[in-house]
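J.: Just dropping this structure here.
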Amino acid sequence: MFGLGPTVSIAILFAELKTICEGTKLSTAFVNVLPRQISGNKRCQYENSRRCSAVPYEDQPSPLGEPLFSESVQEIATSILEEMPDDQSEVDALLAKKEERRAARQQRQTANAGNLRYKVTLPIVSGTLEQPPEIGLSADIDDKEKLASLVAKGQEIAVANSVGMSLRQVYSGRRLSELSLDVDTLRFQSFVDELRGRRVEGQESNGEDTTDVMGSIQVLQNGALGLLRETFDGVVVSSVTQNGLAWNAGVRAGDVLSATSATIGPKLWPKSTLDGVRSAISSRRVMSSSMDFEFRRRVNGEDIGVEAVESFELSLSRPIGINIEETDDGYVTVTGISDKAAPEVVDNLQIGDRVVSVESSFGGKMWEVYNADGLTSAVTSRLPGQPVRIVFERVLQEQSADVRTVTSESSVLNDAVGGFRQAGTIAQSPAGISSNSAIASQNSLNEMLLTRSRDLLKTYIARNEVTKKIKVADRVLEAVMDSSAELDGKTLNLIMKAYNTCNNAEKSIQTFEEVFGLAGDGSRSAVQQQFNGKLVADISALNIFTISSLLRSHALLGDYRSALRVLSAVEGNEEFSVDGKRSQSWLGKGDPLNMRPDTKCYNIVLAAAARRGTNEGLEAAVKIFDSMPNPSINNPPLGKPAKNLVTYNTMLNAFANFGQYQHAQDLFDSMKKTGVRPDRVTFTSLIKAFLKSGNLDKALDLLDDMKWVGIQPDRVSYNSIIEYLCNANRLFEARDLVNEMETSRISPDSMTYGLLMKGLLRSNKPAACLTLFESACADSLTSALTDNVQLYTTAITAAASLGDHERALELVSRMNRVGVKPNKKTLTALMSAMLAGRKYDAASDIFTKIRSPDSYAISVGLQALCYAGRFEQAQNLLAGQKCGQKALKGKQVMDGYNVLLRSSLGAGDFNMARDTLTGLLGAGYIPSKATFATIVEALRLSSDLTKFSKSTSANDTVQPHSAEAFEFCLFLVDSLDSRKLNIDPAFYSALLFSGARLGGLHRRIASLLSHSRNSSRSDRGTMSTLCESDVAKDCAPIRLASWEELYTDYGILKSQLGQEIELPSVRVSTKKGYGRILAAEQAVAYRK
C-alpha cells in the first residue's frame, strides 16, 4: 500500500470505507439497520515499538450529528501517513530489522526441523485386522514337523496382525518407569513380561529351544536413552516386535511418542504420560477402529526438542484488547489480555500465543507479522467493528518438566493426575531417605498437585466448557485422595465453583460435606461421608470463599431456606430454625479471621429468595433486605454487613418481577437518600417494574433520566421496552425505538430481532417476519446475529404459518450449514410446517427424533401421528399422560383425545374410536362440549333442523358408515350413562336426526331414546313401556343392559313388546338448546 503513494492510498481507503459503511435499510420489515457513525480513532500510544496494546480503549464516541465520512476517514488516513517513513535511511532500517527477525524465525524453524517427525496409522480395535490366510501343509510331513510348522505359521500370523509395540514413561533425569504399556492389550506390564516369549534383537539363542518364541523384538537401549535431555519428561517406545504392524510402519525402539488422535476426528493431541496415552486409545476405540500416532526420532545427533504448534485463525474487531511484544526468536507474542476484551478473544487466546500473519487492508491477502508495528498498523487501519483476520500459533508442548501448556480435553486431565501419581510412587521408592526428607518431599509434591489442579480448574472455568468441568473436578478430587493431600481453601473453592458453573450444585454441596463433615444445609443433620474421610482440608479452607460457593450452590437449587441456615451457622446463631430444622454453629470449625459473612454472602441469599418467584420467597427477600443496615460510615465493624448497590438492584428486580412498581419506586427513592448512586441495572429494573404495571410513559421517562444523569442505556434497557411494545402490537413505536438505539450507537442484538420477529408473528404478519430475518441474514453488519437458534426457530414458525413447508426445510438446512444446532422448539416448529403442508408422515418422523419432548411438542406430535394414521402410537402416547401426571396438562390431554377421535372416526376406524373413548373415561376425564362437537363433525351429523331438512331433501343417499356411526353414538350414550354423566344437547339432537334420516330400526331406536328421556322426567320414574295395550301390574320387567343391546337384539325383543320393559336411562343436559331437543324428538316421533 505504501508504494501507491499517499494520495492514491487515501483515495482507495476512502472508497473502501464508504463501501463497508453503506448499510441496507430493512424498510419492508420495520427496522432500519443504519450504519454506525464512526468515532474518532486515536493512534496506539506506547513508549517503544517493542511493546504496545493492539487495541486502545481510550476511544471516545464522537458527538451526535458528526458527518459519517469526514473527520473519521481523515484521522485514519492521517495515522497511516504518520506511520510512513520520512526518508530512505528509515526505510532501510525497517527493512533490515524485518530481515533480521525473519532470519531469527527461520533459524528456530530450521532447528525444529533437525528432528524427524513422522505419523503412522495403526488399528486399535480387535477384530479389524486382516483374517489370517489358510495354512497349507504337505502330506509327507510327519506329525511332529506338522505341529511345529502349524505353531510357527500361527505365530507368524499373530505377529503380523498385532501392533507389537510397548511404551514406557521417561521422567526427568532419564529415569524409566517400572511398568510399560502394551498398546495391543492396554495393560501395564513389567520388563520381564514385556520380553516374555520374544527373542531380543541381536541376542544369540545359546542353543535354547525357541519353539515358543514369537518373533524378534527390538528394545530400548541405554545409548538411545542417553541422547534425551536431562529434563525430558515424556513417553518413548520401549520395544517393537519385528514384522508387526508398528515395525512395518517404521516405528523403532527409542522413538518419542509426541501425539495421538483425538477421540473424534483427525486432530492430534500431545501426550506426555502413559495414563494419557492409555485413556486416549480407550476413548478412540469407541469411535474408530484406527488411530494416528506421531513420533519423533533423533537425526544427525541432535537432541530431541521439537515444539508442537497449532495454528488457528480468528476474525476479530476493534477493540481487540490484547498486549503484544516482540521476542528474540522473531515472533510477536501475546503478553496480556484485557478484562474488556471480547468473548472470542478471552475464550480462544492465551498468553504466549504467537501472531503469525494478519489480513491486509486491501485484497484480503495474509501478510506475515514480524514486528508489533505491522500488527498495530493493520488493526488501527480498520474502522471500529470492522473485522480483521489474524492467524495465531500456539506451542502445544514443550519437552520440559516444568512447562506444559493445557491443550487437550481428556488427555490433559489424565496427564496431570497420572503424572502426579507416578511422581508420588517415585518419591516413595528410594530407600534410606530420612523421615523428615520424605515428609518434605511429600509436602512439596502435594503443593505441586494443588497448584496444577488450580491451573486446570481455572482454565476450564474460563473456557466455559460445561461438560468438561465435571470431569476436571472429579479427577482433581481423585488425585487429591490418592496422594492423601490436604485441600486448601483456594483449590476447594475452585472445585465447588466448577460444579456450580456446570449446574451440578448437588455435587458441590456433597464435596463440602465430605471435606468438613458438616451438613451442607447448615442444620444439625448427620453427614454420611462416601470416601470414609479420605477427602480432608485444613481449618483455613472453611472461609468466606468456600462459604460463598456453598451459598451459591443453594441459590442455584432455589433453596433459600438452606442458605439462610448456612448464614446462621456461620454467624454462630443456633436458635435459628426454618422448616423444622435448627442451625448448627460453625464457630471454631474454620478460619476465625476470614469466616464472617460479608455483603456478598447476603446478596447471594437475597437473590435466591427473590428468584424463587413466589410470594413466600418475596417476603423472605424483604426480611433479609430489612435486616441489613443502610450503608454508613457509622456501621459497627462486627455487625451485619451493610447494603450495597447489588443489594438494592436485587431487591428492585424482585419488585419488578412481581409488578410492584410502587414498592420499587419507594426503594429507588430511599436508595438515593442513602447516597448509593444508581447504575444501568438499577434503571433497567425500575423500567421493568413500570412496564409490568403498564406505565409505558414512565418507563420512557426513566430512559431519558438515564441519559440525563450520564448513564448510557444499553440493549437490555431498550429491549425491555421493545418487548412491551411488541407484546402490545405497537410495532411502529417499536421500530422508532430501534432507530433511536442505532442513533445512540447501540446496535440491535439477536434478542432485539427476536422480539421484533415474534411481534410480527403475533400480529399475524408472518411474511414480514421472514422478510426481517432474511434482511438481517443478507446484511453483513447483522448476519452474525442471525446464527441463533431462537431466530431460526421463529423464522421456521413464520414459514409454518404461511403453510410453506419447503421454506421451513430450507431454513433447517441453512442452520446445519452455519453450525446452529436445532433444538426441541425448532423441530416442533418444523413439525407444524409439515402439518401445514399436509406432509403428515414427515411430521411424524420428525416427532420421533425429538428427545424428551415438552408439552407443546407432544401436542403437535399427537396431531402428526393422528393425521398420519398412526393411531396406536398416538393412543400409547396419550396413555402415558393420564391426568397430567407427565408432560401434558389436563386440557392438552383432552385436546389429544379429541384429535384422535376426529382422526379415527374420519378414517372409519370405529374400534379405535371406541378404545379412545374408553381410555378418555378411564383416565378420569369427562367429555367436554368440544369432544361432542368433534364427534358430530367427524361423523358428519347434523344437530340443526334446517340443515337436517336440506340434507334429506337434497341427497337421499345414505352416508358411508352411517349405521356404524349410529351404533357408535349408542355406545357413547351407554358409556356416559354408566358413569351417570349427561349428554350434550347438540349431540343428542344430532343422534335423533341421524336415526330419523336412516329410518327403519334406527328411527325406532331414536324414538325410544326420546321416549326414555321424557319418561325419566315424568312422575312414573324410569319405567318405560313398550306395550300397545294395558298389562298386568305384576308383569316381570326385562332389564336392558344398554342401548346397544336393544339395537342388536331388537328382533328378539320385538316379539315381547307386550311385556313391560325397563329401558336404559338417557341423561341430557337441557339448560341450553331445549328447542333443538324438541325439534329432534318431533322428527322421530311415531303417530298412534
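Just so you know, all these numbers are worked out from the coordinates, no wet-lab data involved. The shown structure was predicted, so the numbers you read here are calculated from the model rather than taken from an experiment. All Cβ positions, even for glycine, are placed from backbone atoms using ideal geometry, and neighbour counts span all protein chains on display.
J.: Taking a virtual spin label 7 Å from the Cα of Lys889 along the C-beta vector, which residues in the range 836-862 bring their backbone nitrogen under 19 Å of it?
T.: So the set is 853-862.
J.: Quote to one decimal, in nm, the extra length available between Asn1014 and Arg117 on full extension: 0.36 nm per residue of separation minus the C-alpha distance between them. Intermediate results must be reported in sequence, preceding the final value.
T.: On the way: separation 897, 0.36 × 897 = 322.92 nm, distance 9.94 nm.
That works out to 313.0 nm of additional length.
J.: Quick one: in the range 598-713, what % of C-alpha pairs are over 22 Å apart? Before the final figure, lay out the partial values.
T.: Values: 2109 of 6670 pairs.
When all Cα pairs of the range 598-713 are counted, 32 percent exceed 22 Å.
J.: Pairs of alpha-carbon atoms within less than 8 angstrom and 6+ residues apart define the contacts here; what relative contact order does the range 775-821 have, in percent? Let's see the in-between values first.
T.: Values: 30 pairs, mean separation 15.5, N = 47.
Computed over the range 775-821, the figure is 33 percent.
J.: Moving to a separate point now. With labels modelled as points extended 7 Å from the Cα through the Cβ direction, what inter-label distance (nm, one decimal) is found for Ile264 paired with Leu981?
T.: 4.8 nm
J.: How charged is the neighbourhood of Ser548? Take every other residue with its Cβ under 11 Å from the Cβ of Ser548, and add Lys/Arg as +1 and Asp/Glu as -1.
T.: On the way: positive: Lys497, Arg552, Lys600; negative: Asp598.
Net charge around Ser548: +2.
J.: Tally Lys and Arg at +1 and Asp and Glu at -1 over the other residues with C-beta under 10 Å from the C-beta of Thr786: what net charge comes out?
T.: Numbers: positive: Arg814; negative: Glu774, Asp779, Asp787.
Taking every Cβ under 10 Å from that of Thr786, the sum is -2.
J.: Would you mind checking the range 961-1001 for residues with the amide N under 13 Å from a putative spin-label position 7 Å along Cα→C-beta of Arg1067?
T.: Zone members listed by number: 973-984.
J.: Simple spin-label model, 7 Å along Cα-to-Cβ: Thr918 to Ala1085 in nm?
T.: Those two pseudo-labels are separated by 3.9 nm.
J.: Continuing with the same structure: Can you tell me the relative contact order of the range 598-713? Whole percent, Cα pairs under 8 Å, sequence separation 6 or more.
T.: Values: 136 pairs, mean separation 24.2, N = 116.
This gives 21 percent for the range 598-713.
J.: Taking one equal scatterer on every alpha-carbon of the range 821-902, how large is log10 of I(q)/I(0) by Debye at q = 0.27 1/Å?
T.: After summing over all Cα pairs, the log10 values are -1.39.
J.: If you don't mind, there's one more thing I want to ask. Calculated FRET efficiency, Ser311 and Arg680, Cβ-Cβ r, R0 41 Å, to nearest 0.05?
T.: The computed FRET efficiency comes out at 0.55.
J.: FRET efficiency for Asp841 and Trp367, Cβ-Cβ distance as r, R0 = 51 Å, nearest 0.05?
T.: Values: r = 55 Å, r/R0 = 1.09.
Here the calculated transfer efficiency is 0.40.
J.: While we're here: For labels at Glu393 and Leu225 in the simple 7 Å Cα→Cβ model, what's the distance in nm?
T.: With each label placed 7 Å out from Cα toward Cβ, I get 3.5 nm.
J.: So which of Lys688/Lys929; Lys825/Lys980; Lys643/Lys692; Lys688/Lys849; Lys458/Lys672 end up more than 32 Å apart by C-alpha?
T.: Values: Lys688/Lys929 41 Å; Lys825/Lys980 42 Å; Lys643/Lys692 26 Å; Lys688/Lys849 39 Å; Lys458/Lys672 38 Å.
Distance filter (> 32 Å) returns Lys688/Lys929; Lys825/Lys980; Lys688/Lys849; Lys458/Lys672.
J.: If you add up the charges near Val676, with Lys and Arg at +1 and Asp and Glu at -1, over every other residue whose beta carbon is less than 13 angstrom from its beta carbon, what do you get?
T.: Values: positive: Lys643, Lys672, Lys673, Arg677; negative: Asp669, Asp679.
Overall, the nearby charge balance is +2.
J.: State the extension gain, in nm to one decimal, for the chain segment bounded by Lys471 and Lys600, taking 0.36 nm per residue of separation less the distance between their alpha-carbons.
T.: Numbers: separation 129, 0.36 × 129 = 46.44 nm, distance 2.86 nm.
Full extension from Lys471 to Lys600 adds 43.6 nm.
J.: On to the next question. Roughly speaking, what is the stretch gain from Lys340 to Asp579, that is 0.36 nm per residue apart minus the C-alpha to C-alpha distance, in nm to one decimal?
T.: Working: separation 239, 0.36 × 239 = 86.04 nm, distance 4.44 nm.
Extending this stretch completely gives an extra 81.6 nm.
J.: Output the relative contact order of the range 469-597, whole-number percent, from Cα pairs under 8 angstrom with separation of 6+ residues. Mind showing how you got there, number by number?
T.: Numbers: 202 pairs, mean separation 32.0, N = 129.
So the answer I get is 25 percent.
J.: Using the per-residue mean of other Cβ atoms lying within 10 Å as a proxy for protection, in what order, highest first, do the peptides 159-172, 778-791, 686-699 fall?
T.: Numbers: 159-172: 21.7, 778-791: 16.9, 686-699: 20.1.
Ranked by mean Cβ neighbours within 10 Å, highest first: 159-172, 686-699, 778-791.
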